[in-house]
Amino acid sequence: MSKAHEFSIGGWCLVSSGSDPFGGATRSPSLEAGLEGCAEAGIRYASFHDGDLWED
């Protein structure tokens, strides 16, 4: 395999507040900060749910 594997990150991960069934939000990241972090890490693709892109 001479080609490197490329992958995407889920758009919902970029702005997750960190809440879970055991507690509330622990952070409030901005989309811009998430995209900058992806760029720094070399992540070039993002995937989204259809509901993230347009309303029903």
- Want the number for Asp56 to Ala39: 0.36 nm per residue separation, take away the alpha-carbon distance, what's left? 3.1 nm
- Message: Under a crude label model (7 Å from the Cα following the beta-carbon direction), how far is Leu31 from Ser16 in nanometres?
- Response: 1.9 nm
- Report, in degrees rounded to the nearest 10, the 0 to 90 angle that the Cα long axis of helix 31-41 makes with the longest principal axis of the chain. 30 degrees
- Note on the structure: Taking placed amide H atoms and a strict 5 Å upper bound, the residues 5 or more places from Ala46 or on another chain that come that close are Ile9
- Message: Ranking request for peptides 22-30, 9-17, 43-51: highest mean number of other beta-carbon atoms within 10 Å first, then the rest in descending order.
- Response: 9-17, 43-51, 22-30
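FYI, it's all coordinate maths here, none of it is from the lab. Since the model is a prediction, treat every value here as computed from it, not as a measurement. Backbone-built Cβ (ideal geometry, glycine too); neighbour counts: all protein chains shown.
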